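Trainee: Mind looking over this structure? Questions follow.
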């Protein structure tokens with residue numbers, strides 16, 4: 001079984017997680033730029049973070065046989081902080097990097113005017129750089145947030161079919177599907193979807209253009225949730241081709257829209273900029 005986790009924050013995870021993910025079938029991941037929990041106080045902290053997504057994290061993943069790509073953006077929560085908004089002007093120099101396969105996470109957190117501005121600006125950047133976009137739907141007022149998101153996308157130069165709307169659930173999936181966007185579901189303990197709910201949604205809408213992710217981060221989360229969904233699909237009567245479509249071919253097709261997706265894990269050097277993954281190593 002091959003698995004592609006299309007939304008996971010490996011910066012927050014350990015090398016043991018990479019090892020366990022590989023053993024469960026994960027061969028590729030996309031790590032979206034996101035909020036770190038601790039508010040950033042200047043654009044410079046974003047730039048160091050973006051650099052780590054482009055350099056150190058792919059190096060670390062490759063040690064465990066996993067291809068790592070990222071998406072780059074000013075996230076919705078921090079779009080409200082005027083200390084952070086100058087990041088928008090610097091994004092073009094990151095969006096040209098080969099390892100960047102989408103603009104994201106963008107979208108809404110509290111649905112403020114500042115978030116409107118950041119979302120519209122970054123959809124324009126996605127169109128300018130011929131990249132797809134990964135959109136975060138808010139944790140509160142999800143249906144209102146989805147509708148507002150779709151309206152803003154329709155007003156942008158980026159086609160709906162180049163947008164992945166993430167963190168969907170039972171209240172938002174129908175309108176998201178009707179829009180023509182790709183459909184993302186986070187299977188995450190307590191606060192998002194679980195395996196049984198995911199199976200029910202697959203029965204309702206089918207597996208086409210559906211992506212399932214773990215969204216594993218610094219919170220209570222599980223980087224093996226993609227494999228658990230795959231096992232749940234098989235137990236529910238789906239065949240291996242259905243599993244491969246949802247857990248591999250769909251994320252490959254979406255992020256392949258960037259023209260930059262490379263799934264072969266090349267041999268890596270012993271160190272990245274002089275640093276190994278071994279504590280006390282060279």
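The values are calculated or read from the model by the stated rules, or taken from the named source; none is laboratory data. Predicted model, so just to flag it, every value in this text is computed and none were measured. Note that we place each Cβ from the backbone using ideal geometry, even for glycine, and neighbour counts take in every protein chain shown.
Trainee: Please list, ordered by first then second residue, the pairs with beta carbon atoms under 9 Å, 6 or more apart or interchain, first in the stretch 49-61 and without any contact (Cβ under 8 Å) to a residue 24 or more places away in the chain and on the phi > 0 side of the Ramachandran plot, second surrounded by fewer than 18 Cβ atoms within 10 Å (Cβ to Cβ) and in a loop (DSSP other than H, G, I, E, B).
Mentor: none
Trainee: Which residues, counting only those in the stretch 159-171, are free of Cβ contacts under 8 Å to residues at least 60 places away in the same chain and within 18 Å of the chain's Cα centre (by Cα)?
Mentor: Listed by number, the residues that qualify are 160, 161, 163, 165, 167, 168, 169.
Trainee: Next question. Within the stretch 44-53, is there a residue that is closer than 20 Å to residue 17 by Cα, crowded, with 20+ Cβ neighbours inside 10 Å and under 17 Å from the mean Cα position of the chain (by Cα)?
Mentor: yes
Trainee: Still on this structure: For residue 79, state whether it is crowded, with 16+ Cβ neighbours inside 10 Å, touching a residue at least 60 places away in the same chain (Cβ under 8 Å) and part of a helix (DSSP H, G or I).
Mentor: No; evaluated as a whole, the condition is false for this residue.
Trainee: Now a separate question. I'd like the full set of residues that are at pLDDT below 95 and over 21 Å from residue 71 (Cα atoms), limited to the stretch 1-14.
Mentor: Passing the criteria: only 1.
Trainee: Okay, moving on. Among the helices (runs of 4 or more DSSP H) lying completely within the stretch 185-282, list those that include at least 3 residues that are within 15 Å of the chain's Cα centre (by Cα) and at pLDDT 85 or above.
Mentor: Output list reads 250-256.
Trainee: Now for a different question. Have a look at 155, 130 and point out the one that is on the phi > 0 side of the Ramachandran plot and at pLDDT 95 or above.
Mentor: Exactly one of 155, 130 is on the phi > 0 side of the Ramachandran plot and at pLDDT 95 or above, namely 130.
Trainee: What's the total number of residues in the stretch 82-103 that are within 14 Å of the chain's Cα centre (by Cα) and in a loop (DSSP other than H, G, I, E, B)?
Mentor: Summing the residues that are within 14 Å of the chain's Cα centre (by Cα) and in a loop (DSSP other than H, G, I, E, B) in the stretch 82-103 gives 1.
Trainee: Looking at residue 210, is it touching a strand residue (DSSP E or B) at 6+ places or on another chain (Cβ under 9 Å), in contact (Cβ under 8 Å) with a residue 12 or more places away in the chain and surrounded by fewer than 20 Cβ atoms within 10 Å (Cβ to Cβ)?
Mentor: No.
Trainee: I'm checking my understanding of the structure. Among residues of the stretch 1-43 that are assigned to a loop (DSSP other than H, G, I, E, B) and under 14 Å from the mean Cα position of the chain (by Cα), which one is surrounded by the fewest Cβ atoms within 10 Å (Cβ to Cβ)?
Mentor: 35
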